[in-house]
Amino acid sequence: MSDSNQFKLAGIMGMPVFQSRSPIIHNYWIKKHNIKGAYGHFPVQIDNVETAIRGLSALGLAGCNITQPHKLMAMKMMDELTPLAKRIGAINCIVVQPDGSLHGFNNDGFGYIQSLKDVTPAWRADAGPITVIGAGGAARAVVISLLDQGATEIRLINRTRAKAEELAAADPTVVKTYDWSERNAALEGAAMLVNTTNQGMYGQPPLEITLDALPKTAMVSDLIYIPLETPLLAAAKARGHVTSNGLGMLLNQAIPAFEAWFGVKPEITDELRKAVLATF
Ligand code: NAP
């Protein structure tokens, strides 16, 4: 039974985990809404994930976010998964139910789509072909969400093509795979380009791609948020494209998790953006 006077605790479980900005986001909202609660970093070694997840309910936690490398193990332990989490094949959020059972959610896709709409409110997935680079965990959430939003053509390109083909099986009529060497040509006529790889992230080389074939009307989106402007986004801006970085996805995916744990739908304010940006 939930009690409005109860101190509510949530956090992010992973290893490493202290680089995560999620505590800044959730603790900002906890304070803003005068909630009795806290959100922390839970550094858990891989060997202890099972014990830690079983302990969520016993410790009275509201739930937690899950980050790599614990996502797969966590998913296997859920009593229930949302249909979306099943289709994406990963969870990033656990909500402990009043009876102690564990429900697994994936809010990354919601966060991604909302981040595009924050930049361009009239954004539509069916505006034209969408070229997606990468087929890792984040790409799964992005591609499944673009399909759910009504995308009519997704050109999926990954360095390891077999992984792209696995993801394309979600809807082979819409998602077509191409070789890594075809990534520049796959920009022709596209309405959007999305980088879901780690290329361009702090410490990584830039994504090797040439934007010449991309129509100037196309939006260019990068899931990376450190740095906020990747070399890809800088090149896109220089050509006059509308761009979207990964900070919006990070902030937006936190909204449904916070609402599920703390019972209030929070908002992304300029003050919150500034608080997160101050840590970069
Ligand atoms: P992941 O599962 O490890 O996937 C990594 C992807 O990058 C794969 O497609 C991989 O291709 C590709 N890649 C790695 N090295 C490459 C290289 N040298 N050349 C070309 N492609 C390369 O990682 P993830 O969880 O999907 O995360 C990917 C990115 O998304 C990261 O930068 C992460 O920070 C970002 N992200 C952002 C948010 C957000 O909230 N904004 C959320 C999740 C992730 P192969 O399959 O060939 O290895």
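Taking the listed residues Thr230, Thr152, the one that is within 14 Å of the ligand (Cβ to nearest atom) and of a type in the set (Ser, Thr, Tyr) is Thr230, with no other qualifying.
In this structure, does Pro172 turn out to be part of a loop (DSSP other than H, G, I, E, B), without any contact (Cβ under 8 Å) to a residue 12 or more places away in the chain, within 13 Å of the ligand (Cβ to nearest atom) and farther than 19 Å from Asp108 by Cα? Judged against the criteria, Pro172 is not a match. The number of residues in segment 198-227 that are more than 9 Å from the ligand (Cβ to nearest atom), surrounded by 17 or more Cβ atoms within 10 Å (Cβ to Cβ) and within 22 Å of the chain's Cα centre (by Cα) comes to 4. Restricting segment 138-149 to residues that are within 14 Å of the ligand (Cβ to nearest atom) and within 17 Å of Asn195 (Cβ to Cβ), the residue that is most open to solvent (accessible area, probe 1.4 Å) is Arg140. Among the residues of segment 175-197, the ones that are within 12 Å of the ligand (Cβ to nearest atom), in a loop (DSSP other than H, G, I, E, B) and touching a Gly at 6+ places or on another chain (Cβ under 8 Å) come to 2 in all. Quick check, is Ile35 more than 21 Å from the chain's Cα centre (by Cα) and surrounded by 13 or more Cβ atoms within 10 Å (Cβ to Cβ)? Yes. Exactly one residue out of Ala135, Ala164, Ala169, Ala122 is open to solvent by 60 Å² or more (accessible area, probe 1.4 Å) and within 21 Å of Leu72 (Cα to Cα), and it is Ala169. Condition check: over 20 Å from Arg140 (Cα atoms), open to solvent by 30 Å² or more (accessible area, probe 1.4 Å), out of contact with any Asp or Glu (no Cβ under 8 Å at 6 or more places or on another chain) and in the same structural domain as Asn92 (by TED's automatic domain parsing). Does Ala234 satisfy that? Against the criterion (over 20 Å from Arg140 (Cα atoms), open to solvent by 30 Å² or more (accessible area, probe 1.4 Å), out of contact with any Asp or Glu (no Cβ under 8 Å at 6 or more places or on another chain) and in the same structural domain as Asn92 (by TED's automatic domain parsing)), Ala234 does not qualify.
The values are calculated or read from the model by the stated rules, or taken from the named source; none is laboratory data. Only a predicted model underlies this, so the values are computations on that prediction, with no experimental measurement involved. Please note: Cβ atoms are built from the backbone with ideal geometry, for glycine as well, and neighbour counts cover all protein chains shown. Just the protein is used for accessible areas: all its heavy atoms, side chains included, with ligands, DNA and RNA removed. Shrake-Rupley method; radii C 1.70, N 1.55, O 1.52, S 1.80 Å.
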